[in-house]
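K.L.:
Quick one: the structure is below, and I'll ask about it shortly.
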Amino acid sequence: MSNSPLDEKDIRRVLRRIEYEVQTVREEGFTTPSCWYALDRLELIKRICERALAGDKLASVFNFANESEAEAHYFDEPDAAS
């Protein structure tokens, strides 16, 4: 992992994205008996983590309409996940 192209900023973005998805589940994810939405978000978090661990600098915006550096800036704000 020491050779990962991710820097602190990239990792913080990923962590904020995970926080964002967890908050979304808290707000919306348990409304069906099977909790399919919560499970869908967990799968998304898993894929975000896989991409981050593989060194993808845009892992924080995985599955966004536009996976770009400009979009990733959303997760630069400490309260983005709020």
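The values are calculated or read from the model by the stated rules, or taken from the named source; none is laboratory data. Everything quoted here is computed from the prediction, not taken from an experiment. All Cβ positions, glycine included, derive from the backbone under ideal geometry; neighbour counts span all protein chains shown. Heads up: the accessible areas ignore ligands, DNA and RNA and are worked out on the full protein's heavy atoms, side chains in. Shrake-Rupley method; radii C 1.70, N 1.55, O 1.52, S 1.80 Å.
K.L.:
If I compute solvent accessible area with a 1.4 Å probe over the protein chains, what percent of it on the range 1-80 is carbon and sulfur? Can you show the working numbers first?
P.N.:
Details: 2860 of 5220 Å².
The nonpolar share, carbon plus sulfur, comes to 55 percent.
K.L.:
Okay, moving on. Based on alpha-carbon positions alone, could you give the equivalent ellipsoid semi-axes of the chain from the gyration tensor, as √(5λ), descending, whole Å?
P.N.:
On the way: eigenvalues 111, 39, 22 Å².
Computed over the chain, the values are 24, 14, 10 Å.
K.L.:
Given a cut-off of under 8 Å on Cα pairs at least six residues apart, what relative contact order in percent is computed for the chain? List each step's numbers first, then the result.
P.N.:
Details: 80 pairs, mean separation 34.7, N = 82.
Over the chain, the number comes to 42 percent.
K.L.:
Further question on the same structure: Compute the long axis of helix 8-28 from its Cα atoms, compare it with the longest principal axis of the Cα atoms of the chain, and write down the angle in degrees, 0 to 90, nearest 10.
P.N.:
10
K.L.:
Still on this structure: Please list, by residue number, every one of the chymotrypsin sites (Phe, Trp or Tyr not before Pro) in the chain that is coil in DSSP and has at most 13 other beta-carbon atoms within 10 Å.
P.N.:
Numbers: sites: TYR20, PHE30, TRP36, TYR37, PHE62, PHE64, TYR74, PHE75; in loops: PHE30, PHE62, PHE64.
Passing both the DSSP loop test and the Cβ count: PHE30, PHE64.
K.L.:
Additional query: In degrees from 0 to 90, rounded to the nearest 10, what is the angle of the helix 36-53 Cα long axis to the longest principal axis of the chain?
P.N.:
10
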